[in-house]
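**Q** Sharing a structure, written as structure tokens. Questions coming.
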Amino acid sequence: MSIRFENVTKSFLDRKVLSDLSFSTRDGEILYIIGKSGVGKSVTLKHAVGLIKPDSGRIFVGSHEVTSLNREELMPVRRLCGMIFQQTALFDSMNIFDNIAYGLRSTGLDSDALAARVSEVLSLVQLDSGVLDKLPCDLSFGMQKRVSLARTIAPSPAYLLFDEPTTGLDPIITNAIGSLITGLSRQLGTTSIVVSHDMESALSTADRIMLLDNGGIAALGTPGEIRQSTNPLVMEFLAEINDTPEAGTSRTPCIWRQDEQSYREYRRAIHHDDPLDIEEVDK
Amino acid sequence: MTDFAARALSTFLHELGGIAIFNIRIARTYFGTAGNGPEIFRQTAIICTRSITTVLFAGVFVGAILVVQFNLMLKQYDAQMYLGGLNTSALVREVGPLIISFLLAGKIGAFTAAELGTMRVTDQIDAMECLGANPVQRIVLPRFIAIILASVILLGLGLVISIAGSTIVATVFCGINPLRFAGSFPRFVGVWTVACGMIKALVYGVIVAGVSCYKGYTASGGARGVGRAVTLAAVYTNLYIVIADFITSNILEFLTEVWRIALAGALAWLAAHGWIAGGGL
Ligand SMILES: Nc1ncnc2c1ncn2[C@@H]1O[C@H](COP(=O)(O)OP(=O)(O)OP(=O)(O)O)[C@@H](O)[C@H]1O
Ligand SMILES: [Mg+2]
């Protein structure tokens, strides 16, 4: 039961977004897709649920070949997948309860079970039941994001596709969502693909991390392997974590120190400075 | 110049084709899925309550304008006794359906295109599909049917109020006895005339619904895209309505003729065979 891309190519007008992309998730794993803005992370996710058709190549969700299905045949496959959209995509004419219950209505739950499930997922995303009768526009962006998370996990899909689930959230909620993703995958065996720019949470949450660049895979490996990578783009992302002022003082141990040699080379090549200076600052 | 014309024609046909395909999809969804009755009812009620004031105001004034104009002309020929019938016939056959559909296009068509367009560009429609629902069935179909129903209902209400308004204006401003005014209705307006008006309202309702749902549903490119969808929906709807008016008027004229001939033929046949007393025609 995995999501598999085979030689997927996609262009918009004359801009090639994905070129010959192939990868596959493992059962129950959390795969992070990291990449710069505009490389096609969201486009990749939308391919998996058939919202975008590739120009060529095939995509499988479990045993279903998404690329060969028509709109009606796609519906049961989509129920297997939960997708969390980058811009929340809450139904703005419905209140929060109806939003979260939307995917549950077709499952034939009676109204008590439905309400119970709604409040259960609501507490998973750390919202209180006071929001249930509000409209999405009455909530802050971070709350809307959590509601959209709740709406997606409510029907317990077998695959979860997150498009930047923690962008715009405070660090405490970010951590909570990270452990929610881990929990779903460990307890229910949900396979998750998480799109993010946040290398730090990727390193702490992911089973594997995939870096997209130029429509293809720049690096793919476990967090340990990614930390060791000498790929310039990977190092750029790793450096971003450590360049932030609070890095090294409060957060996880400085990652570049574990890979000091290659990081030094990288700093010399790109920034023409000596990483030792920075080490001084950190102390 | 020819290049421009070719491009304009190609855009026109492209849009028309897109609208046709989308409407076929709506129809297939309609016949392929369980009805969404409560939602259709809700949407119809929303549209009617939203537009009723505009329709009633417009109805009264359009009726008034027509009465004043017809009166000016008929007075010259000393034919004021036909004023009521002529005015009502024009309202029922032509002006009523046209005005109502223009109002609906501006108000409900634009609103629908904007609403669906916003849902599209904010990924709400995609999200609905991902939750295993068919957005055409859940959100497009109820609006589509509601617009058609509302245009017929509003036409009925609009006509009643505008005929009443015309009668008052004729009495107060043109000095015509209201009973005389109403007395000339049957000569010009029959069941078939009203049916023609309703058929037109139905056709224009389909146009308003089809174009605005299509433009909204296929919007792309953020707020600007929604703006473009709304503008184009209004432009195309009005364009298609005047074209459709010309075509339906001619078809209905033809059908009226066919109906008359068929009726006369049938009566003659019955009379010839002694079923009814002949010579009455
Ligand atoms: N529907 C579309 N039509 C045309 N171009 C598109 C469409 N969707 C995406 N693109 C283009 O594809 C590229 C990748 O877009 P995508 O949204 O996947 O980026 P992303 O990696 O998710 O970026 P971000 O991190 O900013 O969300 C962009 O250049 C975008 O302009
Ligand atoms: Mg994106």
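The values are calculated or read from the model by the stated rules, or taken from the named source; none is laboratory data. Quick caveat, the model's predicted, so the values are computed rather than measured. So basically every Cβ, Gly included, is an ideal-geometry build from the backbone, and we count neighbours across all protein chains shown. Ligands, DNA and RNA are excluded from the accessible area calculation, which covers all protein heavy atoms including side chains. Shrake-Rupley method; radii C 1.70, N 1.55, O 1.52, S 1.80 Å.
**Q** Which residues in region A:79-107 place their backbone N less than 14 Å from a point set 7 Å from the Cα of A:Thr167 along the Cα-to-Cβ direction?
**A** Backbone N within reach: A:84-89.
**Q** Sticking with this one: Between B:Ala164 and A:Glu240, what is the spin-label point distance in nm, taking each point 7 Å from the Cα along the Cα→C-beta axis?
**A** Each label point lies 7 Å from its Cα, and together they span 6.7 nm.
**Q** Let me know the charge dipole size of the protein assembly as shown about its Cα centre in debye, to the nearest 20, where only the beta-carbon of Lys, Arg (+1) and Asp, Glu (-1) is charged.
**A** The dipole of the protein assembly as shown has a size of about 2440 debye.
**Q** Only residues of region A:212-244 count here: report those whose backbone N is under 15 Å from the spot 7 Å along Cα→Cβ of A:Ser204, or say none.
**A** From region A:212-244, the list is A:241-242.
**Q** Run the 1.4 Å probe and let me know the accessible area of A:Thr182, rounded to the nearest 10 Å².
**A** Approximately 40 Å² for this residue.
**Q** Now for a separate question. Given the C-alpha atoms of the protein assembly as shown, compute the convex hull and give its volume per residue in Å³.
**A** Residue-normalised Cα hull volume stands at 246 Å³.
**Q** Determine the gain in length on full extension of the stretch B:Leu239-B:Ile251; use 0.36 nm per residue of separation and subtract their C-alpha separation, reporting nm with one decimal.
**A** Value of the extension gain: 2.4 nm.
**Q** Spin-label point model (7 Å from Cα, Cβ direction): what's the A:Ala115 to A:Ser56 distance in nm?
**A** Placing both labels 7 Å beyond Cα along the Cβ direction yields 5.7 nm.
**Q** May I ask what percent, to the nearest 5, of DSSP beta bridges between residues of region A:3-231 are antiparallel?
**A** The antiparallel fraction comes to roughly 50 percent.
**Q** Which residue, A:Ser42, A:Thr190, A:Gly103, has the largest displacement toward the positive end of the dipole of chain A when charges sit on each Cβ (Lys, Arg +1; Asp, Glu -1)?
**A** Looking along the dipole axis, the top candidate is A:Gly103.
**Q** I'd like the mean, over residues of A:87-93, of how many other protein chain beta carbons sit within 10 Å of each residue's own Cβ.
**A** 6
**Q** Something else: Could you compute how much accessible area chains B and A hide from each other, both sides summed, with a 1.4 Å probe? Nearest 100 Å² is fine.
**A** Between B and A, the summed buried area is about 1700 Å².
**Q** Within a 10 angstrom radius of each residue's Cβ in B:39-46, how many Cβ atoms of other chains show up on average? Whole number is fine.
**A** 0
**Q** Measure nothing but the geometry: give the 0 to 90° angle between the long axis through the Cα atoms of B:222-272 and the longest principal axis through the Cα atoms of chain B, rounded to 10°.
**A** Computed tilt is about 40 degrees.
**Q** What is the gain in length, in nm to one decimal, between B:Val68 and B:Val258 on full extension, counting 0.36 nm per residue of separation less the C-alpha to C-alpha distance?
**A** 65.0 nm
**Q** Report the one residue of B:Val211, B:Val152, B:Gly165 whose Cα lies farthest in the direction of the positive end of the charge dipole of region B:128-227 (charges on C-beta: Lys and Arg +1, Asp and Glu -1; origin at the Cα centre).
**A** The residue sitting farthest along the positive end of the dipole is B:Gly165.
**Q** Using the crude model of +1 on Lys and Arg Cβ and -1 on Asp and Glu Cβ, and no other charge, please compute the dipole size for chain B relative to its Cα centre, in debye to 20.
**A** 260 debye
**Q** Let me ask something else. Packing-wise, with mean Cβ within 10 Å as the measure, how do B:237-244, B:56-63 rank, highest first?
**A** B:56-63, B:237-244
**Q** In degrees between 0 and 90, to the nearest 10, how far off the longest principal axis of chain B does helix B:110-121 point, with axes built from Cα atoms?
**A** The two axes meet at around 20 degrees.
**Q** Please give, to one decimal in nm, the separation of the simple spin-label points placed at A:Asp27 and B:Ala182, each 7 Å out from Cα toward the Cβ.
**A** Roughly 8.2 nm, to one decimal.
**Q** If R₀ is 22 angstrom, what is the calculated FRET efficiency for the pair B:His14 and A:Arg15, using the beta carbon separation as r and rounding to 0.05?
**A** 0.45
**Q** Run down the lysines and flag those whose C-alpha is under 27 Å from the C-alpha of A:Lys41, throwing out any fewer than 8 positions away in its chain.
**A** Candidates past the 8-residue exclusion: A:Lys10, A:Lys16, A:Lys53, A:Lys145.
**Q** Under 8 Å for C-alpha pairs, at least 6 residues apart: give me the relative contact order for region A:39-88, rounded to a whole percent.
**A** Contact order relative to length: 28 percent.
**Q** So what's the net charge close to B:Tyr82: Lys and Arg +1, Asp and Glu -1, counting the other residues with Cβ under 13 Å from its Cβ?
**A** Combined, the nearby Lys, Arg, Asp and Glu give +2.
**Q** For peptide A:94-107, what's the mean number of Cβ atoms from other chains within 10 Å of each residue's Cβ?
**A** Shielding by partners across A:94-107 averages 2.
**Q** Once you keep just the Cα pairs under 8 angstrom separated by 6 or more residues, what percentage relative contact order results for chain A?
**A** 22 percent
**Q** Calculate the dipole size of region A:3-231 relative to its Cα centre from +1 charges on Lys and Arg beta carbons and -1 charges on Asp and Glu beta carbons; express the result in debye to the nearest 20.
**A** With only Lys, Arg, Asp and Glu charged at Cβ, the dipole is about 420 debye.
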